[in-house]
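Each reported figure results from applying straightforward, stated rules to the coordinates on display, with no laboratory input. What you are looking at is a predicted structure, and each value in this text was computed from that prediction instead of being measured. Glycine gets a Cβ as well: all are built from the backbone with ideal geometry, and neighbour counts include every protein chain shown.
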Amino acid sequence: MTEHSKMRRFLPHLFLGLAMVVIIFPIWLVFVASTRTSAEILSAPMPVVPGSHIIENYGRAFFEGAKNLGASAFTMMKNSFIMAMGIAVGKIVVSLLAAFAIVFFDFRLRKFCFWAIFITLMLPVEVRIMPTYKVISDLGMLNSYWGLILPMIVSATAVFLFRQFFMSVPREIAEASQIDGASPMAFFAEILVPMTRTPIAAMFVIQFIYGWNQYLWPLLITTKEKYYTLLIGINRMLSGADVQIEWQIVMATVLLAMIPPVIVVAVMQKQFVTGMTDTEK
Amino acid sequence: MTKQYEFPSKGLPYLLVLPQMAVVFVFFFWPAAQAVYQSFFVQDPFGFSLIFVGFENYTKLFADPAYWDSFGVSTVFALSVAFSSMFIALFLAVQANRKMRFSSFYKTMLIWPYAVATMVAGVLWLFMFNPNVGVIAWFLAKVLGIKWNHLLDSGQALLLVSIAASWKQIAYNFVFFLAGLQAVPATLVEAAAIDGAGPGKRFWAIIFPLLSPTTFYLLVMNLVYGFFETFPIIHQVTAGGPGTSTNVLVYKVWRDGVINLDLGSSAAQSVVLMILVIGLTVVQFRFIERKVNY
């Protein structure tokens, strides 16, 4: 633009470079710790370059888990994956149907349904844990995948996004399909859903990450190692005196817990960014 | 505006909203109603007896200095996380939003920490500041002579959880500020430059006011995050301590309910929090709807 001094062009790189360091350094340390032995990590100061125990550490983390845990990262990854997929797919399906009803039909309880759903728009599970715990326990869903997934598909963000999108779809298309004799469900499945590809992809990214990163809820309802998710396993490994913690196994598990959601964001960055900012509009 | 075309079916829409309404009722309204109901009773920890006490749980709660203390800690924590992460994100978005080398690399790197779990962010910072194994704790002690122990020092504990929570939230704010900045018409900024406005003046007089919808939206979302969604960091890093110095509201609900088994009080606290969040949602929603209808 107007200013062209060297300093002005250099400064942004300096600030952004600094930000990169603040982002990368903590993760670099985790990686370094996951390649070292317990003794090396405990010797202050901990080394900041990788060691030689990478295969051994990841092998143990993946197939056995830390000594004080009783669950392997393989099992926990499977659980995190089931939970994340269940939440993402469940929420998308349920929300598409609800948004379709609210936008394309006129029915008596429409306003009521609308508000009943939207009141939950930003409601984090943290504020309703105890009563929800009781409901899940009454339904016999403690230590089960249903218990992990169902309460997490309540919030209205996805309905909100799909509703916004549906309202921008020209109604002539719906009318035309009706005149052609197609049922509303045929319109939904063959025309509307394919048109909604991009918002669906965006929602998938956001909900997969949301599900994968859930912490408080699995902490409450999974008491059996069989149902531990990665984050719960990490918490359990870290509860205990510092010297007993197998930092190298913990850190390998931390890295395993970070990789899948980061890959999802990296691969679908564009859909993710539009999806996030569209919920606002 | 003409009336939009709508499908004439009568029963079908009910069938379509049924799954969503079912989850909302079973996992939101029913628990919420139970919380309200339970907040009027005291229950012994084994659930054998319920004694109706009216508003006693609430009056006790609001008369309890520990609750107000927790309110105070949460407010300081949420505000400092909201302001620092929004300020840094806006600053970085302004830096990254120009034509320069590596700008898409910078953007990608600033976006992906969004995928890191809040709990993992807590672990990352805990690991660096752990008084026994932490690299930064070591550096502070040996090089700068600052004794770091967030398990004993309340100020350090609050600082550490705030840094971890802000570190994670910057990515979220960055995405929105960057999108907002990209929507600012370049012609406006250039016109101001021609009129002699310097970069600082251009930012504050033109760009920042145009970003205000984004800023307002983010402020509400960041407060919700700071108040309610940071439980994993508190639980993992400080467990509310030392003493009650990081005992934020959601942590207190959890501790009173799960550890101390004071279900009546925990329920009353849940009700207060739900009212807070629903209030924020309504504010946010009215704001969004108004913007859409322009």
Check your understanding: Counting other C-beta atoms within 10 Å, which of B:TYR58, A:TYR145 has the fewest, and how do the rest follow?
Key -> A:TYR145, B:TYR58
Review point. What per residue convex hull volume, in Å³, comes out for chain A when only alpha-carbon positions are used?
Key: 197 Å³
Point to revise | Stokes-Einstein D in µm²/s, Kirkwood radius over Cα pairs - the range B:54-111 at 37 °C with 0.692 mPa s viscosity | key: 222 µm²/s
Study note, to complete from the structure: Highest GNM mean-square fluctuation among A:ILE249, A:ILE119, A:ILE41, for chain A with Cα springs under 10 Å, belongs to A:ILE119
**Study point:** Under the Debye formula (equal points on every Cα, no solvent term), log10 I(q)/I(0) of the protein assembly as shown at q = 0.08 Å⁻¹
**Key:** -0.59
Point to revise | ³J(HN,Hα), Karplus 6.51/-1.76/1.60, whole Hz, each residue of the range B:168-185, x for Gly, Pro | key: 6, 7, 4, 4, 4, 5, 4, 4, 6, 5, 5, 4, x, 5, 5, 8, 6, x
Practice item. Determine the gain in length on full extension of the stretch B:ARG98-B:PHE208; use 0.36 nm per residue of separation and subtract their C-alpha separation, reporting nm with one decimal. Key: 38.0 nm
Revision key, fill the gap. Going residue by residue through the range A:143-152, the Karplus relation 6.51 cos²θ - 1.76 cosθ + 1.60 with θ = phi - 60° gives ³J(HN,Hα) values, rounded to whole Hz and with x marking Gly or Pro, of 6, 8, 5, 4, x, 6, 8, 3, x, 7
Review point. By what distance, in whole Å, do the Cα atoms of the range B:96-190 stretch along each of the three principal axes, largest value first?
Key: 54, 27, 22
Review point. For chain A, what is the charge dipole size about the Cα centre, in debye to the nearest 20, if Lys and Arg each add +1 at the Cβ and Asp and Glu each add -1 at the Cβ?
Key: 260 debye
Review point. Relative contact order of chain A: what whole-number percent is it, with Cα pairs under 8 angstrom and at least 6 residues apart?
Key: 31 percent
Review point. Placing +1 at every Lys and Arg Cβ and -1 at every Asp and Glu Cβ, with all other atoms neutral, what dipole size does the range B:21-173 have around its Cα centre, in debye to the nearest 20?
Key: 1060 debye
Revision key, fill the gap. Chain A, Gaussian network, Cα under 10 Å: of A:PHE166, A:PHE62, A:PHE25, the residue fluctuating most is A:PHE25
Point to revise | Pairs of alpha carbons in the range A:1-145 whose separation is greater than 28 Å (percent) | key: 58 percent
Check your understanding: Just B:VAL23, B:VAL248, B:VAL237 to compare: in a GNM of chain B, with alpha carbon springs under 10 Å, which one fluctuates most?
Key -> B:VAL23
Point to revise | Whole-angstrom Cα spans of chain B along principal axes, big to small | key: 76, 75, 31
**Study point:** All lysines inside 19 Å of B:LYS60 as judged from Cα atoms, apart from same-chain residues fewer than 8 positions distant
**Key:** B:LYS252
Review point. Treating the beta-carbon of each Lys and Arg as +1 and of each Asp and Glu as -1, no other charges, what is the dipole magnitude of the range B:113-228 about its Cα centre, to the nearest 20 debye?
Key: 240 debye
Check your understanding: Once both labels are modelled 7 Å past Cα along the beta-carbon direction, what's the B:PHE25-B:VAL184 spacing in nm?
Key -> 4.9 nm
Review point. Could you work out Rg/(2.2 N^0.38 Å) for the range B:13-170, with Rg from alpha carbons only?
Key: 1.54
Practice item. Above 26 angstrom, tally the Cα pairs of the range A:144-281 and express them as a % of all pairs, no decimals. Key: 45 percent
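How about the range A:104-142: which trypsin sites (Lys or Arg not before Pro) there are in a DSSP loop, with at most 10 other Cβ atoms within 10 Å of their Cβ?
Qualifying residues, ordered by number: A:ARG108.
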Review point. Which residue, chosen from B:VAL277, B:LEU90, B:PHE127, occupies the Cα position most advanced towards the positive end of the dipole of chain B, where the dipole is computed from +1 (Lys, Arg) and -1 (Asp, Glu) charges on Cβ about the Cα centre?
Key: B:LEU90
**Study point:** ³J(HN,Hα) computed for each position of the range B:210-217 - Karplus, 6.51 cos²θ - 1.76 cosθ + 1.60, integer Hz, glycine/proline x
**Key:** 5, 7, 4, x, 4, 4, 5, 4
Revision key, fill the gap. When the charge dipole of the range A:134-281 is computed with +1 on Lys and Arg Cβ and -1 on Asp and Glu Cβ about the Cα centre, the Cα farthest towards its positive end, among A:SER177, A:ILE221, A:MET203, belongs to A:ILE221
Review point. Can you give the FRET efficiency for A:SER239 and B:THR59, using 1/(1 + (r/R0)^6), R0 = 25 Å, r = Cβ-Cβ distance, to the nearest 0.05?
Key: 0.10
Review point. At what distance in nm do the modelled label points of B:GLN4 and A:ARG8 sit from each other, each positioned 7 Å from its Cα along Cα→Cβ?
Key: 4.7 nm
Exercise for review: Mind counting lysine pairs for me in the range A:1-134? Cα separation below 29 Å, and the two need to be 8 or more apart along the chain or on different chains.
Suggested key: 5
